[in-house]
Amino acid sequence: MEEKILVRNFEIKEILPCLTTPGYIRFVAQADNRLDDVIPIIFIQTPPGKANYIQKDNTLTLRMFNRNVTLFASGKIGVTNTPDVNAAKDFLYNTLKPLINNAYKDFLKHGPPSKDQIKAIKKSSWMELYKYLPGENCGECGYPICSSFAVAVFQGDAKLSQCKLLREPKYNSKLQNLIDKFGRMFLASLGLDLINES
Ligand code: SF4
């Protein structure tokens, strides 16, 4: 069967001096396909602390490797804080291209996220996640209390799977409520992959 690939190539259209790091560049590239379908998927697959999604424009800014990466539905891509053109090409082909094409596979398999799901994720906060955690403050996740763990998970610095208690039968209803609220794909972005579990 033919592999489903959305983006194969990029053209770097503009290179400018980076505004934050002397000697670095920022650049604008154009993908060889539109990104309408994958932008909402990438948004829900990214920890909220690292993503800013403007739903009305379908524009997403990601924080990756100390860079701001903005994806536009047209296929335009803006990237800051990059050492040089070679690093720009490396980032486009070895980081962004797999990210986009994996999101496209998920789009084809699971369809687009619902508007309600996107709304819930946009409004989400570490405090909301905290409500669904066991609340034992046992420290087994590597964080002393559940609230500091919730902050780290939201920032993408810890994985939700580090809280083993959440998978215990006693907390089944909390986990189920979390799934119902945000969906399995978003939980995977927080580091709890239930999609590939049978
Ligand atoms: S392992 Fe779970 S219950 Fe224990 S502190 Fe971490 S988040 Fe809280």
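Observations
- The one condition from (1) among the charged types (D, E, K, R); (2) assigned to a helix (DSSP H, G or I); (3) within 12 Å of the ligand (Cβ to nearest atom) that Asp90 does not meet is (3).
- Some residue of the stretch 87-108 being over 24 Å from Met64 (Cα atoms) and either of a type outside the set (Val, Ile, Thr) or more than 21 Å from the chain's Cα centre (by Cα) (or both): yes
- The stretch 161-173 residues that are closer than 12 Å to Gly191 by Cα, paired with ones that are assigned to a helix (DSSP H, G or I) and near the ligand (Cβ under 7 Å from one of its atoms) (beta carbon under 8 Å, 6 or more apart): Gln162/Phe149; Cys163/Cys146; Cys163/Phe149
- Complete set of residues in the stretch 154-173 that are in a helix (DSSP H, G or I) and either farther than 25 Å from Phe65 by Cα or of a type outside the set (A, V, I, L, M, F, W, C) (or both): Gln155, Ser161, Gln162, Lys164, Leu165, Leu166, Arg167, Pro169, Lys170, Tyr171, Asn172, Ser173
- Qualifying residues in the stretch 91-122 (those that are among the hydroxyl-bearing types (Ser, Thr, Tyr) and surrounded by fewer than 20 Cβ atoms within 10 Å (Cβ to Cβ)) - the one farthest from Glu11 (Cα to Cα): Ser114
- Note on the stretch 141-153: among residues that are crowded, with 22+ Cβ neighbours inside 10 Å and either touching a residue at least 60 places away in the same chain (Cβ under 8 Å) or in a loop (DSSP other than H, G, I, E, B) (or both), the one that is farthest from the ligand (Cβ to nearest atom) is Val153.
- Summed over the stretch 123-140, the residues that are surrounded by fewer than 13 Cβ atoms within 10 Å (Cβ to Cβ), within 11 Å of the ligand (Cβ to nearest atom) and either β-branched (Val, Ile, Thr) or modelled with pLDDT under 95 (or both) give a count of 0.
- Of the listed requirements (1) surrounded by fewer than 21 Cβ atoms within 10 Å (Cβ to Cβ); (2) part of a helix (DSSP H, G or I); (3) in contact with a Pro (Cβ under 9 Å, 6 or more places away or on another chain), Pro40 misses just one: (1).
- Looking only at residues of the stretch 174-198 that are touching a residue at least 40 places away in the same chain (Cβ under 8 Å), more than 14 Å from the ligand (Cβ to nearest atom) and part of a helix (DSSP H, G or I), we find that the one that is nearest to Pro134 (Cα to Cα) is Asn177.
The values are calculated or read from the model by the stated rules, or taken from the named source; none is laboratory data. In this text, all values refer to a predicted model and were calculated from it rather than measured experimentally. As a convention, Cβ positions derive from the backbone with ideal geometry for all residues, glycine included, and neighbour counts pool all protein chains shown.
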